[in-house]
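Below is one structure, written out as C-alpha cells, with a few remarks after it.
The values are calculated or read from the model by the stated rules, or taken from the named source; none is laboratory data. Note that the coordinates shown come from a computational prediction; the quantities given were computed from them, not determined experimentally. Reconstructed Cβ throughout: ideal geometry from the backbone, glycine too, with neighbour counts over all protein chains shown. Keep in mind that these areas ignore ligands, DNA and RNA; they rest on the heavy atoms of the full protein, side chains included. Shrake-Rupley method; radii C 1.70, N 1.55, O 1.52, S 1.80 Å.
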Amino acid sequence: MTTSSSERGVSLGMPELPAPAYPDDVRERLERDAREIIARYPDSRSALLPLLHLVQSEEGHVTRTGMRFCADVLELTTAEVTAVATFYTMYRRKPSGDYQVGVCTNTLCAVMGGDAIFAELQEHLGVGNGETTDDGKVTLEHIECNAACDFAPVVMVNWEFFDNQTPASAKRMVDDLRADRPVEPTRGAPLCTFKETARILAGFPDERPGAVEASGGAGPASLVGLRLARGETAPARVVHPRDGAPQDRDVHEPSPSEHLSSHDAPQDTSASDPAHPAGPAAEEGE
C-alpha cells in the first residue's frame, strides 16, 4: 500500500514567486550608484561585494529584491548572487537594527569578560543572539576576533571599536543608542547608522565633517610591535617583587601613551572587577 505525500508529512507547496522589483525611482537611483561601482573593476562581476553593501544600505539587509537587482545589473543568476550573499556574515538576511552591537567572545575577549558582557546584554535588552530590540534600534550578536586583543574585551557597533568594556559600560552604551543620545567610539570614525555604514562599505565617501580625519583606529597598544620592529626601544620598566617593597632605585613610570598593553593600567574588566568575573561560554543564542 502506498501513502500520499500529505500522509508522510511532506508539503510540496507552491514554488516561490520571483522577487518584486524596486520602485522605479529607487531603481533609477541605485542604478546610477551601481554604474559608478562597476566602473571601478575590469570584470563587472567583481563588483558584486560592494553592490551587496549598496542594496543593504537601502533596506538595512540584503533582500531578495536586492539580490535580484545585483543579478540584473551584473548579468548573473540569482543563484550566483545568493551564494555570495549567504556566505559572508556582514550581509544581513533579515531586518536588523540601526546599530549592530557585536560582542567579541573569542578567546582573549572571553576570558577578559566578553562572555559576561554578552550574557548581561542579552538579559538587559531581552534579545538573543542575532535578534533585534522591539524599537528596531539594536541588533545584538556575538562575533569572532575583532583583531583588537590588546584592548579586550571589545564591543563593536557598526564596526567601530568600543575598547576595554565592562557589563556596566556596555549596558550604558546600548541604553544611549536606544535613547538617541550621542555615543562616541573609543577610537576611529564617529558612529553612524548601519545603513550609512553599508553605503561607506560600498565605496562611497563618508561626507560627514571630520569623519575621515578621525578614522585612524590604531591605538598605542597596537603600535608597540611596529615600533619594536623598526628598532625603536621601549622605555625601561621595573616590576617590583610580589613579596617585597619597592627597590631603592629610580623607576620610570610610563605615561598612559607608553603602556605596552591596555592592561598595564587597571581596567574595569573581569580581571580587575571581581563583581563581573568571566563565566563559562554560553551556547549561541542563549
Worksheet item: Among 223, 179, 202, whose Cα sits farthest toward the positive end of the charge dipole of segment 163-223 (+1 at Cβ of Lys/Arg, -1 at Cβ of Asp/Glu, about the Cα centre)?
Response: 179
Response to the item:
With a 1.4 angstrom probe the carbon and sulfur portion of accessible area for segment 12-136, in percent, totals 53
Discussion item. Sort 88-98, 221-231 by the packing proxy (mean of other Cβ within 10 Å over each peptide's residues), most packed first.
Written reply: 88-98, 221-231
Worksheet item: How big is the shadow of the Cα convex hull of segment 81-236, averaged over all directions, in nm²?
Response: 11.5
